[in-house]
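Notes for the one structure printed next.
The values are calculated or read from the model by the stated rules, or taken from the named source; none is laboratory data. Only a predicted model underlies this, so the values are computations on that prediction, with no experimental measurement involved. Cβ coordinates were reconstructed from backbone atoms using ideal geometry, including for glycine residues, and neighbour counts include every protein chain displayed.
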């Protein structure tokens, strides 16, 4: 059933890339803006929706969870390919945006962790 996880990952990646390209066009940048992040959020949302709907058999759940976990290293590898030096030379706005994004992400962790039920936390 891992193949279903691959299929959902591929779907999320294609949709995320398309939306990232559209977002780039909308703001006047000739690049994919946030496509990987959008795909990651889609993967999390689809998994959450499927758990709520009861549509995950144990094997299917394993496949989706496996690829959800594997997606983090993929995001890190893709982010490592970006030219950070050129972005920093672009001005302080890039640094401020990065710091704000990281701070907001850290702030969301306790909020999301507080919403977990004991059975979802593996306890």
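Just a few scattered comments:
- Residue check: residue 66 meets all listed conditions (1) part of a helix (DSSP H, G or I); (2) at pLDDT below 75 but one, namely (2).
- Of note, residue 29 satisfies the criterion of being part of a loop (DSSP other than H, G, I, E, B), modelled with pLDDT under 80, assigned by TED's automatic domain parsing to the domain that holds residue 15 and surrounded by 10 or more Cβ atoms within 10 Å (Cβ to Cβ).
- When residue 36 is tested against the conditions (1) under 28 Å from residue 94 (Cβ atoms); (2) free of Cβ contacts under 8 Å to residues at least 40 places away in the same chain; (3) surrounded by 15 or more Cβ atoms within 10 Å (Cβ to Cβ), the lone failure is (2).
- Restricting 50, 78 to those that are modelled with pLDDT under 80 and either farther than 26 Å from residue 31 by Cβ or surrounded by 11 or more Cβ atoms within 10 Å (Cβ to Cβ) (or both) reduces the list to 78.
- Region 1-10, subset part of a helix (DSSP H, G or I) and touching a helix residue (DSSP H, G or I) at 6+ places or on another chain (Cβ under 8 Å), residue surrounded by the fewest Cβ atoms within 10 Å (Cβ to Cβ): 3
- Residue, modelled with the highest pLDDT, within region 95-123, restricted to residues that are assigned to a helix (DSSP H, G or I) and more than 17 Å from residue 37 (Cα to Cα): 107
- Failed condition for residue 71, given (1) surrounded by 13 or more Cβ atoms within 10 Å (Cβ to Cβ); (2) in a helix (DSSP H, G or I); (3) at pLDDT 70 or above: (3)
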